[in-house]
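Reviewing the structure listed below.
The values are calculated or read from the model by the stated rules, or taken from the named source; none is laboratory data. Quick caveat, the model's predicted, so the values are computed rather than measured. Cβ sites come from the backbone with ideal geometry, for glycine too, and all protein chains shown count toward neighbours. Ligands, DNA and RNA are excluded from the accessible area calculation, which covers all protein heavy atoms including side chains. Shrake-Rupley method; radii C 1.70, N 1.55, O 1.52, S 1.80 Å.
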Amino acid sequence: MTDDHSPIPAVEGFRGAAALVRAMARFGRKRLAIALTFLVLGNVTEGVSILLLLPILTLAGQGSSDYAIDLGGRHLFGQPLPDVSIGLEVLLGAIVLLVALQAAFNRVKAVYLSDLLQDFANSTRAGLFSAVASARWETVVRMRRADLEHALTGEIDRITFSGFVSLSLIQILVGLVIYFVLCLAVSVPMTLFAFGFGLVALLLLKPYRKLAERYGHKIQTARTVQARLVSEFITGLKTARSMNQEPHHVAQFERTLDGTKADAHDYARRNALGNGLFQVALAIGAAAFVLLSLRFVGLEMSQMLVLLVILMRVTPRFQGLQAQVQALLVDLPAWWRVVDLQSRLEANREGGAGFVSAPVAPPRHEILLDRVTYRHTEGSEEAALNDCTIRLPVGRATALIGASGAGKSTVADIVMGLIRPEAGRLLVDGHELTESERRGWREHLAYVPQETFLLHDTIRANLAIVAPDATEEEMHQALADAAADRFVAALPEGLDTRVGDRGTLLSGGERQRIALARAFLKRPAVLILDEATSALDWESQSRVAQALARRAGEMTVLTIAHRPSMVAFADHVYSLEAGRVVEEGPMADLLRKTDGHLSRMFAHEASEPARLRLAQ
Ligand SMILES: Nc1ncnc2c1ncn2[C@@H]1O[C@H](COP(=O)(O)OP(=O)(O)OP(=O)(O)O)[C@@H](O)[C@H]1O
Ligand SMILES: [Mg+2]
């Protein structure tokens, strides 16, 4: 996989948060609407219960023993209230009722928001997962595996956190609007003063939001680097340890950790200063508020007390707004990274957007690479395949030989429709496969590479992936054809033995044989073996070759190998050199050519032991 770290798109503070909220709303619009409704109801009931304190506070110091509250002569939002008197018990009862209602509304809101958040995180992850699964092979292969793994596993917590913070922001904003309206009911000038002060303070804190944004990008990059280091270290652990390279890896990792710590320290220091300044500014605002309302606006003490109670709820909300936006900005790059990866993968979806896989009939005559040219890297001078014509007649075995790097695996990728020729065509019975037929085409294929892939499960489960309905008998036959029957029978639990993480409890050759058996079990129309027996002893290799020869006519086989035994059973041979076909013909004809590539390969293998003995 090649390096591909595109810059994370720059997003500005509140706009980034808004984009995230829109994304959440896209698939949970109804739930978000319900949650917001209950959020508003919760805030309104809370606010009204506070407003009810106003008449109660007017009782203070009155010395009346009936504690009845006269509404006559009072105003709310400029409207006179009816001339009635309410008992203190009724008022207190109303407050308790409102608080109970508020608790009930909050409960509904919390459940809806939690579901929304969970679905958002899941759909983000599932969306990326399926984008990786359905993107064109060229696109996936150019991305770094560690980046994809990190995006799918490591980033998701930060995305969930961002979603949570966005929802908190909505709650805070809704709360502020409601309190704004309620405050207006008590005093218009003082409300404008208090909220105006809060807004100005928020505007002045923009540099601190920029700081959070920069820090977010820094830790995003650091985490990506760390994920890559971890992935490389774990993948190459055996090699690293065998060459005493662990200290180098550990030191490299520690350096990135130190860098992260220094960034975190710097951010925490500056951020604390910003928060402190904000806190002081809000305290100055509150002091000015009290002074203004008593000395200049002439509010009654009871009104002032209620406004103060409301302000005690509004101030933390302003503080929360700033703190939550900053927290969001720190974690938002994780979401942008996933969105960016996903959109690049989706733009390169195999078959294009809205693709529906079209069924393809198995080949009846031949598969043809017709003058195919392919470059792994766009614009590079060297083509991995250059004007190659290779014919795979149905029911026959065709061998592909050539030095390392000659282009053999690239041919296999073309045949599988994983990559598209830059020039030339892949024809199946004369028909060029369309993009939407590539998946359908692969239904007929089985591919066994040198690097096998086994699930961390039993041998039986590993075989059953391709043929869930296979009988025990069919499994044993496939194992026998892959020369795996004896070693599997000797395992303590036979077919039910677990193979370990990626098959690490088996030897390299044993893994290859299970992978071969799996391919045989699929009974594919086309079998592609890309150095699939490279780790096998000569005896096992010749058993596999015999099985393939026995199945001649049943399948179309493309065998790519460096050893004669895995080539000898082929009917036809192509020899590649630097991406070009330099020799081709029926096996028997090519073997007769004394100076041909194939005959040299066979002669070399036969004479190698003798030459080595001579050299001693
Ligand atoms: N993903 C890739 N990106 C860039 N270049 C690549 C990629 N895969 C292969 N190549 C290059 O393309 C050429 C052909 O590679 P290919 O894997 O087809 O060779 P091969 O004949 O299968 O070799 P081997 O016998 O070593 O497996 C090589 O020069 C290789 O370096
Ligand atoms: Mg290869």
Residue that is farthest from ligand 1 (Cβ to nearest atom) [pool: residues in the range 553-581 that are in a strand (DSSP E or B) and open to solvent by 70 Å² or more (accessible area, probe 1.4 Å)]: Arg580
What are the residues in the range 552-587 that are within 17 Å of Met601 (Cβ to Cβ), more than 16 Å from ligand 2 (Cβ to nearest atom) and out of contact with any strand residue (DSSP E or B) (no Cβ under 9 Å at 6 or more places or on another chain), if any? Pro564, Ser565
Exactly one condition in (1) over 30 Å from the mean Cα position of the chain (by Cα); (2) open to solvent by less than 30 Å² (accessible area, probe 1.4 Å) is not met by Gly236; state its number. (1)
Conditions: (1) at pLDDT below 70; (2) over 30 Å from Leu307 (Cα atoms). Asp66 meets all but one. Number of the miss? (2)
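Per-residue answers, yes or no, for (1) out of contact with any helix residue (DSSP H, G or I) (no Cβ under 6 Å at 6 or more places or on another chain); (2) farther than 21 Å from Trp335 by Cα:
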position	(1), (2)
Phe120	no, no
Ser134	yes, no
Val165	no, no
Leu176	no, yes
Would you please list the contacts, defined by Cβ atoms under 6 Å and residues six or more apart or on different chains, that run from a residue in the range 135-155 that is within 11 Å of ligand 1 (Cβ to nearest atom) to a residue that is at pLDDT 90 or above and among the aliphatic types (A, V, I, L, M)? Trp137/Leu418; Trp137/Ile419; Glu138/Ile419
Taking the range 411-428, which residues are among the hydrophobic types (A, V, I, L, M, F, W, C) and closer than 25 Å to Arg551 by Cβ? Val411, Ala412, Ile414, Val415, Met416, Leu418, Leu426, Leu427, Val428
Cβ-Cβ distance below 9 Å, separation of 6 or more or different chains: which pairs start in the range 400-427 with a residue that is closer than 17 Å to Glu350 by Cβ and end on one that is at pLDDT 95 or above and within 6 Å of ligand 1 (Cβ to nearest atom)? Ile419/Thr410
I'd like the residue in the range 306-339 that is open to solvent by less than 10 Å² (accessible area, probe 1.4 Å) and β-branched (Val, Ile, Thr) and, out of all such residues, is farthest from Asp157 (Cα to Cα). Val306
Pick from the range 358-386, criterion open to solvent by less than 70 Å² (accessible area, probe 1.4 Å) and charged (D, E, K, R), ranking: nearest to ligand 1 (Cβ to nearest atom): Arg375
Could you figure out which of (1) out of contact with any helix residue (DSSP H, G or I) (no Cβ under 9 Å at 6 or more places or on another chain); (2) assigned by TED's automatic domain parsing to the domain that holds His431 isn't true of Leu400? (1)
Is the range 514-528 home to any residue that is in a loop (DSSP other than H, G, I, E, B) and either in contact with a helix residue (DSSP H, G or I) (Cβ under 7 Å, 6 or more places away or on another chain) or free of Cβ contacts under 8 Å to residues at least 24 places away in the same chain (or both)? no
Qualifying positions in the range 578-596 - in contact with a His (Cβ under 9 Å, 6 or more places away or on another chain) and not acidic (Asp, Glu): Val582, Gly585, Pro586, Met587, Leu590
I'd like to know if the range 425-433 contains one or more residues that are under 32 Å from the mean Cα position of the chain (by Cα) and near ligand 1 (Cβ under 9 Å from one of its atoms). no
Can you find even one residue in the range 454-474 that is within 16 Å of ligand 2 (Cβ to nearest atom), of a type in the set (A, V, I, L, M, F, W, C) and either assigned to a loop (DSSP other than H, G, I, E, B) or in contact with a strand residue (DSSP E or B) (Cβ under 7 Å, 6 or more places away or on another chain) (or both)? no
Total residues in the range 535-552, condition within 26 Å of Lys593 (Cα to Cα) and surrounded by fewer than 20 Cβ atoms within 10 Å (Cβ to Cβ): 5
Single residue of the range 443-453 satisfying the filter (crowded, with 16+ Cβ neighbours inside 10 Å and in a loop (DSSP other than H, G, I, E, B)) that is farthest from the chain's Cα centre (by Cα): His444
Among the residues in the range 353-372, are any more than 14 Å from Ile528 (Cα to Cα), in a loop (DSSP other than H, G, I, E, B), out of contact with any strand residue (DSSP E or B) (no Cβ under 7 Å at 6 or more places or on another chain) and within 15 Å of ligand 2 (Cβ to nearest atom)? no
For the range 411-423, name all the residues that are acidic (Asp, Glu) and either surrounded by fewer than 17 Cβ atoms within 10 Å (Cβ to Cβ) or away from ligand 2 (no atom under 16 Å from the Cβ) (or both). Glu422
Can you name every residue in the range 395-410 that is closer than 18 Å to Leu548 by Cβ, open to solvent by less than 50 Å² (accessible area, probe 1.4 Å) and either more than 8 Å from ligand 1 (Cβ to nearest atom) or in a strand (DSSP E or B) (or both)? Gly395, Ala397, Thr398, Ala399, Leu400, Ile401
Here's a check for you: in the range 434-449, which residue that is closer than 17 Å to Ala519 by Cα and not β-branched (Val, Ile, Thr) is nearest to ligand 1 (Cβ to nearest atom)? Pro449
Could you tell me which residue of the range 69-126 is most open to solvent (accessible area, probe 1.4 Å), considering only residues that are assigned to a loop (DSSP other than H, G, I, E, B) and among the charged types (D, E, K, R)? Asp83
Just give me the residues in the range 382-396 being over 17 Å from Ala570 (Cβ atoms) and among the β-branched types (Val, Ile, Thr), in sequence order. Thr389
Out of Ser534, Ser542, report the one residue that is away from ligand 2 (no atom under 16 Å from the Cβ) and among the hydroxyl-bearing types (Ser, Thr, Tyr). Ser542
Quick check on the range 42-50. Is at least one of its residues within 33 Å of the chain's Cα centre (by Cα), at pLDDT 85 or above, of a type outside the set (Lys, Arg) and assigned by TED's automatic domain parsing to the domain that holds Ala103? no
